[in-house]
Amino acid sequence: MTARRQRASYGRVVSDKMDKTVVVAVPRLVSHALYGKVVRRLTKLKAHDERNESRIGDRVKIVETRPLSKDKHWRVAAIIERGEQNPSS
């Protein structure tokens, strides 16, 4: 049996309020069904962050994994770029 290649996506962390979970907004471009104009769409995915390293604004790479909870099927593989640090928090 061969190992299945993991799907990977890149996005920005929009919420880090949960323990070991971040919400990542993954943008995609889709063509409008009738008019054909390219429109931006945003998909929000919950991703597992084992060490709670990701913060709001970070650009991250997430990879698909086995279901970890009802909504969580992705995990943070790498932090590509740190976002703006908020001095108040």
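The values are calculated or read from the model by the stated rules, or taken from the named source; none is laboratory data. Just so it is clear, the model here is predicted, and its values are computed rather than measured. FYI the Cβ positions are ideal-geometry reconstructions off the backbone, even for glycines, and counts take in every protein chain you see. Please note that ligands, DNA and RNA were not included when accessible areas were found on the heavy atoms of the full protein model with its side chains. Shrake-Rupley method; radii C 1.70, N 1.55, O 1.52, S 1.80 Å.
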Inset, instruction - Run ARG40 past the list (1) over 14 Å from VAL22 (Cα atoms); (2) not hydrophobic (A, V, I, L, M, F, W, C); (3) not in a strand (DSSP E or B) and report the number of the one that doesn't hold. - result: (3)
Legend entry - Scan of segment 65-89 for residues that are farther than 21 Å from LEU29 by Cβ, open to solvent by 80 Å² or more (accessible area, probe 1.4 Å) and in a strand (DSSP E or B), ordered by number: ARG75
Legend entry - Test result for LEU45, touching a strand residue (DSSP E or B) at 6+ places or on another chain (Cβ under 8 Å) and either closer than 18 Å to GLN85 by Cβ or loosely packed, with under 15 Cβ neighbours inside 10 Å (or both): no
Legend entry - Positions within segment 1-37 being touching a residue at least 12 places away in the same chain (Cβ under 8 Å) and either part of a loop (DSSP other than H, G, I, E, B) or in contact with a Gly (Cβ under 8 Å, 6 or more places away or on another chain) (or both), in sequence order: GLN6, ARG7, ARG12, VAL13, ASP19, LYS20, VAL24, ALA25, VAL26, PRO27
Inset, instruction - Output the number of the condition that ILE62 fails; it satisfies all remaining conditions of (1) in contact (Cβ under 8 Å) with a residue 24 or more places away in the chain; (2) part of a loop (DSSP other than H, G, I, E, B). - result: (2)
Inset, instruction - Kindly check whether there is at least one residue in segment 24-40 that is buried (at least 16 other Cβ atoms within 10 Å of the Cβ) and of a type in the set (A, V, I, L, M, F, W, C). - result: yes
